[in-house]
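Asks: Below is one structure. I have some questions about it.
Values in this text are rule-based calculations from the coordinates and carry no lab data. The shown structure was predicted, so the numbers you read here are calculated from the model rather than taken from an experiment. Glycine also receives a Cβ, built like all others from the backbone with ideal geometry; neighbour counts cover every protein chain displayed.
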Amino acid sequence: MVSNEFAIAIMAAGKGTRLKSKRPKVLHEISGRALLLHVIAAAETVVPADHIYCIIGHESERVKAAVASTGVQFVLQPEQRGTGHAMQMLKADFELSGKPIPQHLLVLSGDVPLIRPETIAAVRDTHLREHAAMTILTAVPADPTGYGRVLRANPNTPEVTAIVEQKALRPDQLNAPEINSGIYCFETRALFAKLDALDTNNAHGEFYLTDVAAMLVAEGKRVVAIKADSVDEVLGANTIAEMMHLDAAMRLATAKRLMAAGVTIFRPETCVIDAQVTVGSDTTIEPYVQLLGNTRIGSDSRIRSYSVIQDSALGDNVLVRNGCILDNAEVANNAILGPYAHLRPESRIGDGAHVGNFVETKKATIGKGSKANHLNYLGDTVIGAGVNIGAGAITCNYDGVNKHLTTIGDGAFIGSDSTLVAPVTIGAGSYIAAGSSITEDVPEGALALGRSRQTTKPGWVAARKAAAEAKKD
Ligand code: UD1
Ligand code: MG
């Protein structure tokens, strides 16, 4: 098969009225990714990106900006007058641009996001094998209400007579079980030849692409249906509830994929794992964990409950204790985090380092084996290896206008409750006395004390009491 015999159109111009949302439907997310990006990813496995035409309309600039990096083409449907009208716009685009018309056109719906590459390929292959003018992907869900129904000449043969939209079903057709998925393959010229004859004499006053089926049949052309292997992958997302159903289905599929690759996920139905996340074998994910965006976790690690990890890379044998929040962080092998650590963007935790209870890091590099275990704020800092940061010590990185760097050399010991006022450099192997406010650089191997001396007054309490008693008399 020559790849340019096929193009794919993705209908994505609709507003999604039933969502009652300001966001265009195809930019709503399931499994951490916009609906349209899921569909484009599946389409790209069948044809190259520049053979994919996204038909956009409602908030077209916003939709375009969200998916432009994929390299797909765009066709504008300024007014959304139905799925048939969307195809009229595509036809006009080919005619105006003079681009060669592909022999076959696969049509996908921007709101049917679970479609698998194998299924698109199966529609294409059936279409070629059956020499059809139109091939329709169908399914038989438990409740077909709301979908267009595909009527066959005979239940055991592939030939279709018509697609009837829900609102146009006759009483005796209301129970027709086979739904139209909104995914098709057309002989492009046969489709284009029918588009001008569509009308809007229907319940929605729209041009229905689905009407093309009966029009082709009337002309003696072959229209066939192929059933999808799984119902879930052709379900549409027209309401938030439907969207969340698909989200759950996709996340469960992701969890199953990870488990099949040797990851232990306790109570996977409680975890929120985005589609692109990768996890190495023998890693354990406890209940109620969220792994989001482009997160990668190595092998033999453990993520305890209630941790939320976004766009972060974790190595092997890492322990993330309960309730940690990571955003754009890198964590090397053998590190231990939490409980309740907050790693903000550009935190780089070294091999075997510990970042403990209620510690916040931001733009912080923490070297091999260093420890910051209790109640620290470490921002804009480069910390060497084998450093011990005592409880409550913080970097004072912000002077109200600018951020400044704190550098701490290998093996330094920062006493509890110290404040390191940046810019400042603490030399390797030096000691900072507890409770110090450090405003000047500390050379290697030195002890720095930045606090006032303690004064102790023996017997002071008794003396004060005696003075008070004397006053009373
Ligand atoms: C459509 C089908 C229905 C099928 C269902 C499957 C029609 C008339 N009906 O109904 O048979 O069972 O999908 O999910 O096609 N769109 C445009 N431009 C428009 C209108 C829609 O690009 O003018 C896009 C939408 O953004 C959406 C897709 O086409 O991604 C389908 O439109 P939608 O309004 O959701 O159609 P359904 O009512 O779901
Ligand atoms: Mg729909």
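Asks: What per residue convex hull volume, in Å³, comes out for the chain when only alpha-carbon positions are used?
Replies: Details: hull volume 112.6 nm³, N = 473.
Cα-based convex hull of the chain, divided per residue, equals 238 Å³.
Asks: Set Lys and Arg Cβ to +1 and Asp and Glu Cβ to -1, take the dipole of the stretch 349-431 about its Cα centre, and tell me which of GLY429, PHE413, GLY367 lies farthest positive.
Replies: GLY367
Asks: Restricting to the chain, compute how many DSSP beta bridges are antiparallel as a %, nearest 5. Numbers along the way, then the final one.
Replies: On the way: 18 of 101 bridges.
For the chain, the DSSP antiparallel bridge percentage is about 20.
Asks: So, one more: Amide H of GLY411: which non-local residues (sequence gap of 5 or more, or other chain) have their own amide H closer than 5 Å, using H built in the peptide plane?
Replies: Long-range HN contacts for GLY411: ALA385, GLY386, VAL387, GLY429.
Asks: Let me ask something else about it. Amide H neighbours of ILE265 under 5 Å, counting only residues 5+ apart in sequence or on other chains, H built in-plane at 1.01 Å?
Replies: ILE285
Asks: First check a/c for the stretch 323-415, with a ≥ b ≥ c the square roots of the eigenvalues of its C-alpha gyration tensor; if it is under 1.5, answer rounded, and if not, answer prolate when a/b is larger than b/c or oblate otherwise. Mind dumping the intermediate values first?
Replies: On the way: a/c = 1.41, a/b = 1.16, b/c = 1.21.
Since a/c stays below 1.5, the shape of the stretch 323-415 is classed as rounded.
Asks: Here is a follow-up. Can you tell me the orientation of helix 83-97 relative to the chain, as the angle in degrees between its alpha-carbon axis and the longest Cα principal axis, to the nearest 10?
Replies: 90 degrees
Asks: Report relative contact order for the chain in percent, whole number only (criteria: Cα-Cα under 8 Å, sequence separation at least 6). The partial results should precede the final answer.
Replies: Values: 1208 pairs, mean separation 37.2, N = 473.
That works out to 8 percent.
Asks: Nearest 5 percent is fine: what portion of the DSSP beta bridges confined to the stretch 1-125 is antiparallel? Don't skip to the end; give the middle numbers.
Replies: Details: 2 of 16 bridges.
Bridges in the stretch 1-125 that DSSP calls antiparallel: roughly 10 percent.
Asks: Share of antiparallel DSSP beta bridges in the stretch 307-362, in percent to the nearest 5? Can you show the working numbers first?
Replies: On the way: 0 of 16 bridges.
That works out to approximately 0 percent antiparallel.
Asks: How many angstrom separate the Cα center of the stretch 4-18 from the Cα center of the stretch 233-259?
Replies: Taking the Cα centre of the stretch 233-259 as reference, the centre of the stretch 4-18 is 20 Å away.
Asks: Turning to a different aspect of this structure: Suppose every Lys and Arg Cβ carries +1 and every Asp and Glu Cβ carries -1, with no other charges. What dipole size does the stretch 40-136 come out with about its Cα centre, to the nearest 20 debye?
Replies: Working: 8 positive and 11 negative charges, 16 e Å.
My answer is approximately 80 debye.
Asks: Let me ask something additional. Let's test the formula: R0 of 45 Å, r as the Cβ-Cβ distance of SER281 and ASN402. What FRET efficiency results, to the nearest 0.05? It would help to have the intermediate numbers written out before the result.
Replies: Details: r = 46 Å, r/R0 = 1.01.
Calculated value: 0.50.
Asks: Next question, about the same structure. Assigning unit charges at the beta carbon (Lys, Arg +1; Asp, Glu -1) and nothing else, what dipole magnitude in debye, to the nearest 20, does the stretch 184-336 show about its Cα centre?
Replies: The dipole magnitude comes to about 380 debye.
Asks: 5 Å is the cut-off here: which amide hydrogens, built 1.01 Å from N in the peptide plane, fall below it relative to ASN357, excluding neighbours closer than 5 in sequence?
Replies: Counting only residues 5 or more places away or on other chains, the set is LEU375.
Asks: Moving to a separate point now. Can you give me the three principal axis dimensions of the stretch 347-473 from its C-alpha atoms, in Å, biggest first?
Replies: Principal axes ranked by extent give 68, 33, 29 Å for the Cα atoms.
Asks: Under a point spin-label approximation (7 Å from Cα along Cα-to-Cβ), what is the VAL231-ARG189 distance to one decimal in nm?
Replies: 4.1 nm
Asks: Residue farthest toward the positive end of the dipole of the chain, with Cβ of Lys/Arg at +1 and Asp/Glu at -1: which of ALA41, GLY450, THR161?
Replies: Farthest towards the positive end: GLY450.
Asks: Further question on the same structure: Hey, with R₀ at 30 Å, roughly what FRET efficiency would ASN175 and GLU29 work out to, going by the Cβ-Cβ distance, to 0.05? Mind showing how you got there, number by number?
Replies: Values: r = 34 Å, r/R0 = 1.15.
Plugging the Cβ-Cβ distance into 1/(1 + (r/R0)^6) gives 0.30.
Asks: Along the Cα→Cβ direction, 7 angstrom out, place labels at ASN328 and LYS167. What is the inter-label distance in nm?
Replies: Simple spin-label model gives 4.6 nm for this pair.
Asks: Going by alpha carbons, how many degrees (0 to 90, nearest 10) lie between the helix axis of 240-260 and the longest principal axis of the chain?
Replies: The angle comes out at about 70 degrees.
Asks: Set Lys and Arg Cβ to +1 and Asp and Glu Cβ to -1, take the dipole of the stretch 162-282 about its Cα centre, and tell me which of LEU246, LEU174, ALA203 lies farthest positive.
Replies: LEU246
Asks: List the lysines whose Cα lies under 30 Å from the Cα of LYS227, skipping any in the same chain that are fewer than 8 positions away.
Replies: Answer for LYS227, where 30 Å is the Cα cut-off: LYS15, LYS25, LYS91, LYS167, LYS194, LYS256, listed by chain and number.
Asks: Please report, to two decimal places, log10 I(q)/I(0) for the stretch 297-368 at q = 0.21, 0.22 Å⁻¹ as given by the Debye formula with identical point scatterers on the Cα atoms and no solvent.
Replies: Treating every Cα as an identical point scatterer, log10 I(q)/I(0) equals -0.73, -0.82.
Asks: Across the stretch 18-116, how large is the tail of the calculated P(r) beyond 18 Å, expressed as a percent of all Cα pairs?
Replies: Working: 2261 of 4851 pairs.
Value for the stretch 18-116 (Cα pairs over 18 Å): 47 percent.
Asks: Additional query: What is the magnitude of the charge dipole of the chain about its Cα centre, with +1 placed on the Cβ of each Lys and Arg, -1 on the Cβ of each Asp and Glu, and no other charges, expressed in debye to the nearest 20? All intermediate terms of the calculation are to be shown ahead of the outcome.
Replies: Working: 46 positive and 50 negative charges, 288 e Å.
Its charge dipole is roughly 1380 debye.
Asks: For the stretch 149-223, what class follows from the C-alpha gyration tensor (a ≥ b ≥ c being the square roots of its eigenvalues): rounded when a/c is under 1.5, otherwise prolate if a/b is larger than b/c, else oblate? The partial results should precede the final answer.
Replies: Details: a/c = 1.94, a/b = 1.14, b/c = 1.70.
Oblate, because a/c is 1.5 or more while a/b does not exceed b/c.
Asks: Just to verify a number: FRET efficiency for GLU269 and THR70, C-beta to C-beta distance, R0 = 25 Å, to 0.05?
Replies: On the way: r = 31 Å, r/R0 = 1.24.
The pair GLU269/THR70 has a calculated efficiency of 0.20.
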